[in-house]
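Heads up, the thing below is written out as structure tokens.
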2 protein chains.
Amino acid sequence: MSTAPACLSHGRVTVTPALRAAVDRLDHRSRHQAAYHFGWITVGGAPTSADAGKAVRPALALLSAEAVGAPPEVALPGAVAVELVHNFSLVHDDLMDGDEERRHRRTVWKLWGPSSAILTGDAMLALAQEVLLDTGLPTAAPAARLLARTTRHLIRGQVQDLSFEQRSHVTVEECIDMAACKTGALLSASAAIGAVLAGAPEATVAALALYGDQVGVAFQLVDDVLGIWGDPAVTGKPVHSDLRSRKKSLPVSHALNQDGPLSDELAAWLTTPGEPGEPGELGEEELRRVADLIEGAGGRDWALAEATRRMALAEDALRGVKLDAGARDGLLALGRFVVDREV
Amino acid sequence: MSTAPACLSHGRVTVTPALRAAVDRLDHRSRHQAAYHFGWITVGGAPTSADAGKAVRPALALLSAEAVGAPPEVALPGAVAVELVHNFSLVHDDLMDGDEERRHRRTVWKLWGPSSAILTGDAMLALAQEVLLDTGLPTAAPAARLLARTTRHLIRGQVQDLSFEQRSHVTVEECIDMAACKTGALLSASAAIGAVLAGAPEATVAALALYGDQVGVAFQLVDDVLGIWGDPAVTGKPVHSDLRSRKKSLPVSHALNQDGPLSDELAAWLTTPGEPGEPGELGEEELRRVADLIEGAGGRDWALAEATRRMALAEDALRGVKLDAGARDGLLALGRFVVDREV
């Protein structure tokens, strides 16, 4: 039960019925669109089982209750809530980013328009809190508080992400903070919420939260490396995809903030106009040159070393407190599964 | 202290510092845009004091604590939270409805774009829960639960409102349900949340909630009458404004659901294409004719009688439970102030 695929599969099987029951409480349009987004129904409403994503966050939530010796059911409302918050942010982000597809299906805003995506996202966010607070558990309030604070951080991360696109210079610290908010905050809350619902001691909750934070930043570091040097056959994205969009990713910001001719050349490139598909778009040869510049300035090595360092901190955090050994192994396996991809 | 203007002014003075402190916790962009939306700063960030709205909901929240014998401070986080939820919905609704101005100032989406309005609204919604749960009060959880459920109803109301625009027929019951969700639910939560935070008995909370529900529907009935027959000098909207947009308001839906030639003519008019500013737009004479059709089919008399009936139910609810007399008078005065306008 401690391998990542087993934890994920167990998580999905446990959480899906509760998640569906929660979504059933929404108004008929939000319910329909949320059920479509989760991959349970077709656009027309027929039952289906499309790829609904890995559901890493609910699996973390269940394991975090087990880790402190509670039955996983204690974490169930927390698992549903973190998955709702994650998907609220996906539905709103898809609209803001203009993404027309997610997991090979059209996005909610693309199918039903911007207003529908706004309302369905809003409904999922409010529902997440309702699911937690409806339990009536004495630990529901601290869990709901954790989730509200996490949502504030998640939004802060998306605000930073959008603002970076309009800025010519971003520090490494700002990039790390953005990753910690946009990716780390909800993984952290997921890894802690089961323990909060189980009433675990503060130090244990803090260790689990730190674990999720570090895994989140490590994930982003690796994801950014893959966005530049990843094999399209593995990542499913075009080669150099993050360079095409001139994304100020972590390796790029590290390289830019070095002294020397390589970073000067990189800075000049970043401020050249030319979005994908527009005049000024870079050709394959130029993209390879930019990738080499970033690598030459140490961006790739730094990002991978930093990801390794953060994974070690994450694992130390889990080893520093008393946890159920099987659940700890599950958390460690899930973290490695999230971060360790073909780099 | 029991006159409506006195209650509103006291409410604003009490709540604004706490609301500002809450908004200060947001990321810098959401903070700036929320502060602008609330009328505290200019677009550029200079202090100002623009019209920030009447702040009916915070005043109701404070009175609802006083009504059950608690000091109004007990309700302060609830007052902040309901005002945040109200303004989350305004920022998102302005975007969905394409409204470019609110209280004679440009709207958030118009100034900073759709993504900013989505994120600032999301941030205000999450913050509302955080403010309540940060109190650590044992009554924070039921108050936060009330607010989450209310937000679900609010969204349901907006979903219905948007869907009515696309439908040729809407029943009176559906229209009333929409008003109860879109307007009643948050007034109801506002009138109850102070009592919930004060730990009042369930029957008292239910009476206060019923009061807010009925005031909300009565408000919508009167507002819809004003949208057709209101004096532009009083309403600040063009004459027949709701007819120009062919809104399926409460008097219209009542008139449509009567048998007879008047409602047939009305139905034919409603399905004629022609938005304001487009070909097919109705002239002044036709608009007067449509207003007369609705009045002839009883739409105006019914709406006003129904508003009166609901206000009586609202006031009966408050008189049916033991409440502090001064606070009850304040609640009654606020309800009448909200509903009784020049009709």
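Numerical summary
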quantity: So B:A81, is it of a type outside the set (S, T, N, Q) and over 14 Å from the mean Cα position of the chain (by Cα); calculated: yes
quantity: Those residues of the range B:157-175 which are more than 14 Å from the chain's Cα centre (by Cα) and in contact (Cβ under 8 Å) with a residue 24 or more places away in the chain, in sequence order; calculated: B:L162, B:F164, B:E165, B:R167, B:S168, B:H169, B:V170, B:T171, B:V172, B:E174, B:C175
quantity: Odd one out for B:V91, checked against (1) farther than 15 Å from A:L119 by Cβ; (2) more than 8 Å from every other protein chain (Cβ to nearest Cβ); calculated: (1)
quantity: Helices (runs of 4 or more DSSP H) wholly inside the range B:185-254 that include at least 3 residues being farther than 22 Å from B:A79 by Cβ; calculated: B:202-229, B:232-235, B:241-244
quantity: Matching residues, the range A:1-43, being assigned to a helix (DSSP H, G or I) and of a type in the set (S, T, Y); calculated: A:S9, A:T14, A:T16, A:S30, A:Y36
quantity: Qualifying positions in the range B:167-182 - part of a helix (DSSP H, G or I), among the charged types (D, E, K, R) and either away from every other protein chain (no Cβ under 12 Å) or surrounded by fewer than 20 Cβ atoms within 10 Å (Cβ to Cβ) (or both); calculated: B:E173, B:E174, B:D177
quantity: Per-region count, the range A:302-343, residues surrounded by fewer than 20 Cβ atoms within 10 Å (Cβ to Cβ), touching a residue at least 60 places away in the same chain (Cβ under 8 Å), over 13 Å from A:S64 (Cα atoms) and basic (K, R); calculated: 2
quantity: Any hit, the range B:97-107, residues being in a helix (DSSP H, G or I), closer than 27 Å to A:L95 by Cβ and modelled with pLDDT under 95; calculated: yes
quantity: Number of the condition not met by B:D231 [criteria: (1) within 25 Å of B:D161 (Cα to Cα); (2) surrounded by fewer than 24 Cβ atoms within 10 Å (Cβ to Cβ); (3) without any contact (Cβ under 8 Å) to a residue 24 or more places away in the chain]; calculated: (3)
quantity: Members of the range B:150-166 found to be closer than 23 Å to B:V205 by Cβ and either in contact with a strand residue (DSSP E or B) (Cβ under 6 Å, 6 or more places away or on another chain) or more than 7 Å from every other protein chain (Cβ to nearest Cβ) (or both), listed by number; calculated: B:T150, B:H153, B:L154, B:G157
quantity: Residue in the range B:59-70 that is more than 28 Å from B:L146 (Cα to Cα) and part of a loop (DSSP other than H, G, I, E, B) present; calculated: no
quantity: Selection from the range B:95-110 of residues that are touching a helix residue (DSSP H, G or I) at 6+ places or on another chain (Cβ under 7 Å) and more than 11 Å from chain A (Cβ to nearest Cβ); calculated: B:E100, B:R102, B:T107, B:V108
quantity: Number of positions in the range B:305-343 that are in a helix (DSSP H, G or I) and more than 21 Å from B:R57 (Cβ to Cβ); calculated: 8
quantity: From A:L137, A:L147, A:L127, A:L132, residue being in contact with a Gly (Cβ under 7 Å, 6 or more places away or on another chain), within 11 Å of chain B (Cβ to nearest Cβ) and under 22 Å from B:P77 (Cα atoms); calculated: A:L132
quantity: Test: A:A189 is closer than 16 Å to A:A67 by Cα and either without any contact (Cβ under 8 Å) to a residue 12 or more places away in the chain or aliphatic (A, V, I, L, M) (or both); calculated: yes
quantity: Residues of the range A:256-272 classified as at pLDDT 90 or above and surrounded by 18 or more Cβ atoms within 10 Å (Cβ to Cβ), total; calculated: 1
quantity: Subset of the range B:56-71 [of a type outside the set (S, T, Y) and crowded, with 22+ Cβ neighbours inside 10 Å]; calculated: B:V56, B:R57, B:P58, B:A59, B:L60, B:A61, B:L62, B:L63, B:A65, B:E66, B:A67, B:V68
quantity: From the options A:A297, A:A307, residue that is more than 25 Å from the chain's Cα centre (by Cα), among the small types (G, A, S) and within 30 Å of A:H240 (Cβ to Cβ); calculated: A:A297
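To keep it simple, each residue is scored yes or no on (1) over 26 Å from A:D340 (Cα atoms); (2) at pLDDT 95 or above; (3) in contact with a strand residue (DSSP E or B) (Cβ under 6 Å, 6 or more places away or on another chain); (4) within 14 Å of chain B (Cβ to nearest Cβ).
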{"site": "A:A6", "(1), (2), (3), (4)": "no, no, no, no"}
{"site": "A:R20", "(1), (2), (3), (4)": "yes, yes, no, no"}
{"site": "A:V23", "(1), (2), (3), (4)": "yes, yes, no, yes"}
{"site": "A:L26", "(1), (2), (3), (4)": "yes, yes, no, yes"}
{"site": "A:A52", "(1), (2), (3), (4)": "no, no, no, no"}
{"site": "A:R57", "(1), (2), (3), (4)": "no, yes, no, no"}
{"site": "A:A61", "(1), (2), (3), (4)": "no, yes, no, no"}
{"site": "A:V80", "(1), (2), (3), (4)": "no, yes, no, yes"}
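The values are calculated or read from the model by the stated rules, or taken from the named source; none is laboratory data. Being a predicted model, the structure only gives us computed values, none of them experimental. So basically every Cβ, Gly included, is an ideal-geometry build from the backbone, and we count neighbours across all protein chains shown.
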